[in-house]
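Enquirer: Handing you this structure, nothing more for now.
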Ligand SMILES: C[S@@+](CC[C@H](N)C(=O)[O-])C[C@H]1O[C@@H](n2cnc3c(N)ncnc32)[C@H](O)[C@@H]1O
């Protein structure tokens, strides 16, 4: 049987989407999985995500791919932000919608089914783009970063995390396996990532690393 492309896998495979999201929603299992698979400390990921709680009033936020809404954990009920949560997968969007309700932030969050490679938003439409754990799932990550830069206003900020290659033998083996399953797409090294970001037009780029997880701030 042919292995689906990463796009097909995420768009159609409800099992993979649900299984991933059930783990990522829970801090203890995700911490164990992050350590075992990527040698990373996922508390860094959650600290990065939670910064949305101090976004200034009126901030226009794009969260793509939002998955099941893990980044909504950083929002406060009633916080004055205009938040678009976008993903390719209908399963993930349904989970994100339920998560927004559970967290009491559904009135702030608009859900959109999108392909990150062709976002249906105007140039400069957002002050902040969040893209957690998605870049490594794409067949053309460099093109996606161009699209993320396009929808950010000048001076806007990208906050992103992704798995990177070249950190260790164990991590690279996991990347190869996930690529074979169509769950991961093209995974770059830290240098590739910096090159893709700069080529997309990001001038100020900071990349930190915990194990094979890169934490990016770029503007
Ligand atoms: C590993 S999950 C990460 C989701 C979430 N940000 C998180 O941290 O839990 C990857 C997500 O990328 C989405 N995805 C894959 N390809 C996509 C594409 N071309 N456009 C938009 N979303 C995509 C999947 O549906 C999935 O929700």
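Enquirer: Let me know the Kirkwood hydrodynamic radius for segment 90-159, please, with Cα pairs as the basis and the value in Å to one decimal.
Expert: One over the average 1/r among Cα pairs gives 13.3 Å for segment 90-159.
Enquirer: When the convex hull of the Cα atoms of segment 1-130 is projected onto a plane and the area is averaged over all directions, what value comes out in nm²?
Expert: 8.7
Enquirer: Please grab the % of Cα pairs in segment 17-90 that end up more than 19 Å from each other.
Expert: That fraction is 40 percent.
Enquirer: May I ask for the distance between the Cα centers of segment 90-135 and segment 165-197, given as a whole number of Å?
Expert: Answer, in whole Å: 24.
Enquirer: Moving to a separate point now. For each of 92, 160, count neighbouring Cβ atoms within 10 Å of the residue's Cβ, then give the residues from fewest to most.
Expert: So the residues, fewest neighbours to most, are 160, 92.
Enquirer: Please give, to one decimal in nm, the separation of the simple spin-label points placed at residue 26 and residue 5, each 7 Å out from Cα toward the Cβ.
Expert: Result for the modelled spin labels: 3.5 nm.
Enquirer: If you don't mind, there's one more thing I want to ask. For the residues 7, 51, what sequence is obtained by ranking on other C-beta atoms within 10 Å, fewest first?
Expert: Starting with the residue having the fewest Cβ neighbours, the order is 51, 7.
Enquirer: At a threshold of 8 angstrom on Cα-Cα distance, excluding pairs fewer than six apart, so keeping six or more, what relative contact order does segment 6-218 reach in percent?
Expert: 20
Enquirer: In which sequence would 202, 126 go, from the one with the fewest C-beta neighbours within 10 Å to the one with the most? Don't skip to the end; give the middle numbers.
Expert: Numbers: 202 21, 126 25.
With the fewest neighbours first, 202, 126 line up as 202, 126.
Enquirer: Three principal axis extents, largest first, for the C-alpha atoms of the chain, in Å?
Expert: For the chain, the Cα extents along the three principal axes come out at 44, 37, 32 Å.
Read-outs throughout are calculated quantities, based only on the coordinates presented, and are distinct from any laboratory measurement. Note that the structure is a prediction, hence the values are computed from the model and not measured. Positions of Cβ are generated from backbone atoms using ideal geometry, with glycine treated the same way; all protein chains shown enter the neighbour counts.
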